[in-house]
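Shown next, in structure tokens, is the structure this report addresses.
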Ligand code: ADP
Ligand code: NI
């Protein structure tokens, strides 16, 4: 379902709002991350066999807003969610679409799905795929080291073992960047929802595996 002119206008204004809030973020959720997720969500949505059944307005809005009420960026998630709802109200987004957008942004994050598995709408699955794809491949590698530096984690320490069974609580505790590949990044490919994202994910997975092989070889002086 293509967007109406009015919906396009709301998306543009929402992009401006998000830019204001996340433009200066340096923890890996900057506005450029949002833009990549929006771009990739559109690529996936357009490519899906049932593209005509997809609500592009909901995909765009959820992609732009997906980090606005996240626990990493807000001390009080409930208030942040309420602010998003008020924004949608102010823009006269119909109640049904508001509910669809809010459901996606509340339930799509990796950490929220560690302990329960939320069943998302098709639009939600697409935005979740786009967000997960941005955590893997070349951009994902870059983001992981950036995050590690920001949080003071070591790049690698052979003494610190990866934690294979991760809980939400553990997820925010200290690790090493290389462990993060085992703890999260290499698992994401099996959690992608759509055929389009799975295909893109397979290429990015191989790229990360090659990177890790090179990294370990260099670390051990085997080059
Ligand atoms: P989300 O919940 O939206 O996936 P995160 O805050 O978990 O967002 O991740 C933001 C970026 O930082 C991602 O690219 C992720 O892989 C990376 N990241 C998260 N935790 C770590 C960590 N412990 N070490 C390295 N990178 C991390
Ligand atoms: Ni994100």
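Here are the numbers for the structure shown:
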| quantity | calculated |
| --- | --- |
| Output for the stretch 64-85, where each listed residue is within 14 Å of ligand 1 (Cβ to nearest atom) and not in a helix (DSSP H, G or I) | 66, 67, 68, 69, 70, 71, 72, 73, 74 |
| Restricting the stretch 40-55 to residues that are more than 18 Å from the chain's Cα centre (by Cα), in contact (Cβ under 8 Å) with a residue 40 or more places away in the chain and in a helix (DSSP H, G or I), the residue that is surrounded by the fewest Cβ atoms within 10 Å (Cβ to Cβ) | 52 |
| So residue 93, is it more than 15 Å from ligand 1 (Cβ to nearest atom), more than 26 Å from residue 111 (Cβ to Cβ) and at pLDDT 95 or above | yes |
| Only one of 37, 77 that is loosely packed, with under 15 Cβ neighbours inside 10 Å, within 16 Å of ligand 2 (Cβ to nearest atom) and under 20 Å from residue 118 (Cβ atoms) | 77 |
| The stretch 174-190: number of residues that are within 8 Å of ligand 1 (Cβ to nearest atom) and within 14 Å of residue 154 (Cα to Cα) | 6 |
| Some residue of the stretch 142-160 being surrounded by fewer than 11 Cβ atoms within 10 Å (Cβ to Cβ) and on the phi > 0 side of the Ramachandran plot | yes |
| The stretch 23-39, residues that are within 13 Å of ligand 1 (Cβ to nearest atom), touching a residue at least 40 places away in the same chain (Cβ under 8 Å) and closer than 27 Å to residue 96 by Cβ | 37 |
| Unique residue being at pLDDT 95 or above and surrounded by 16 or more Cβ atoms within 10 Å (Cβ to Cβ) when the list is 129, 210 | 129 |
| Filtered residue count, the stretch 164-180, keeping only those that are within 24 Å of residue 209 (Cβ to Cβ) and within 16 Å of ligand 2 (Cβ to nearest atom) | 2 |
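The values are calculated or read from the model by the stated rules, or taken from the named source; none is laboratory data. Given the structure is predicted, the values throughout are model-derived calculations rather than measurements. Glycine also receives a Cβ, built like all others from the backbone with ideal geometry; neighbour counts cover every protein chain displayed.
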